[in-house]
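Values in this text are rule-based calculations from the coordinates and carry no lab data. These numbers were taken from a predicted model, which means no experiment stands behind them. In this analysis, Cβ positions are derived from the backbone assuming ideal geometry, glycine residues included, and neighbour counts consider all displayed protein chains.
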Amino acid sequence: MKAYQLSFGGAVLERGFWLYVWRVTCGSHLFLYVGRTGDSSSRFAASPFARIGQHLDLRPKASANMLLRHIRSRSLEPQRCSFKLIAVGPIFPEQKTLEAHRKHRDIVAPMEAALAQHLRAKGHDVCGSHSSKHPLDAKLFAQVLGKLGSLI
């Protein structure tokens, strides 16, 4: 039995379109996972805080736990890893209609792919594949990178 502490700013509870990076350390292994809120499955855009539990859900029938799957694909035990979540947003608020959601999703999705590519180019081990058929808003992406600064 051990005691643990988790601290966070309440702003990460806000729903909307966010980009985030998980920094996962497990023994000598260090890798990154890039993600976003506001995916293609519905008109809802969760908060980064909500994604924490989903990404690391150990239940056998969990379906939104892509980070956990990447950890296990590397033959690592998630309970032995350390995690750091860096989130930028909300880039856009959660939208009221599916049409508006898709418009904003199609702006954030290429930024997710560009962020993964940017981190790989800097020598980071980024798990997963990231792509988008939509054009990158370079000005907005530069703002995202500016917010990330040296946090990763």
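Points worth noting:
- Cys with no candidate disulfide partner in the chain (beta-carbon separation under 4.7 Å rule): 127
- Karplus-derived 3J(HN,Hα) values for segment 138-150, using 6.51 cos²θ - 1.76 cosθ + 1.60 with θ = phi - 60°, are 4, 5, 5, 5, 4, 5, 4, 4, x, 5, 5, x, 9 Hz; glycine and proline are entered as x.
- Taking amide H atoms as placed 1.01 Å from N in the peptide plane, the amide H of residue 92 lies under 5 Å from those of 17, each 5 or more residues away in sequence or on another chain.
- Given +1 at the Cβ of Lys and Arg, -1 at the Cβ of Asp and Glu and no other charges, the dipole of the chain around its Cα centre is 220 debye to the nearest 20.
- In segment 45-151, lysine pairs with alpha-carbon atoms under 22 angstrom apart (chain gap of 8 or more, or interchain): 7
- The chain: calculated mean residue ellipticity at 222 nm from DSSP helix runs of at least 4, using -39500 (n - 2.57): -10500 deg cm²/dmol
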